[in-house]
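The values are calculated or read from the model by the stated rules, or taken from the named source; none is laboratory data. Keep in mind it's a predicted model, so treat the numbers as computed, not measured. Cβ atoms come from the backbone with ideal geometry, glycine included; neighbour counts cover every protein chain shown.
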Amino acid sequence: MTTMVSFQIIPGSPDEEAAIRLLREQGLFDADGPNKVKVACEAQPLIPPQLVFHPVITLLMRHKLFAPEAPENNIFLPISRKAAKLLKISSFTITPLATYIQLVCRKLDEMQAGPDFAAAGKGAAPALAQLREQLLAFQGQLGQALKKGEIFVADPRK
């Protein structure tokens, strides 16, 4: 489902300003006040579908503590690669970059190796809650890094 999301933009060079005007003319941006634009976005899963069978995720899903479609597992990213490039953030993609999947998988592996996973696997409620909190914190970190353009789910060069 496409959603319009407001982003702050600070035009820099005359070329960048011209590109923004062009994107607005093409309907990829809607004005939303000075230096703000509304961009058509899609919900991008922070924990990609390729990892729903990871032991940490399956354990949390079994206890109804994680749902792939939940708001906390999604961030709205621009559909247009041109718009994303101007905003200096990742665009939406159906198939995340392998490097993004590896980054998420490494963190899930760390969580699996931790003491909370073993106890949560035996049904210990405090350990399950702690494991969920760790995942929520990681999802928050992923979301912030994506918003700042520090990591990408789609290749920014294309």
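The helices (runs of 4 or more DSSP H) found entirely in the stretch 59-128 that carry 3 or more residues being surrounded by 11 or more Cβ atoms within 10 Å (Cβ to Cβ), more than 15 Å from the chain's Cα centre (by Cα) and at pLDDT 95 or above are 98-113, 115-121.
Return yes when L131 is under 27 Å from S6 (Cα atoms), touching a residue at least 60 places away in the same chain (Cβ under 8 Å) and in contact with a helix residue (DSSP H, G or I) (Cβ under 8 Å, 6 or more places away or on another chain) and no when it is not. When the stated conditions are applied, L131 does not pass them. Every condition in (1) touching a residue at least 12 places away in the same chain (Cβ under 8 Å); (2) closer than 15 Å to P45 by Cβ holds for A67 except the one numbered (1). Evaluate the following for A127: is it small (G, A, S) and touching an Asp or Glu at 6+ places or on another chain (Cβ under 8 Å)? The answer is yes for A127.
Can you pull out the residues in the stretch 37-53 that are buried (at least 19 other Cβ atoms within 10 Å of the Cβ), in contact with a helix residue (DSSP H, G or I) (Cβ under 7 Å, 6 or more places away or on another chain) and under 16 Å from V104 (Cβ atoms)? I'd like the intermediate steps shown before the answer.
Taking the stretch 37-53 as the starting set, the residues that turn out to be buried (at least 19 other Cβ atoms within 10 Å of the Cβ) are 37, 39, 41, 44-48.
Next, only the ones that are in contact with a helix residue (DSSP H, G or I) (Cβ under 7 Å, 6 or more places away or on another chain) stay: 39, 45-48.
Passing the criteria: P45, L46, I47, P48.
For the stretch 131-158, filtering for residues that are on the phi > 0 side of the Ramachandran plot and either in contact with a His (Cβ under 6 Å, 6 or more places away or on another chain) or at pLDDT 95 or above (or both) leaves 0.
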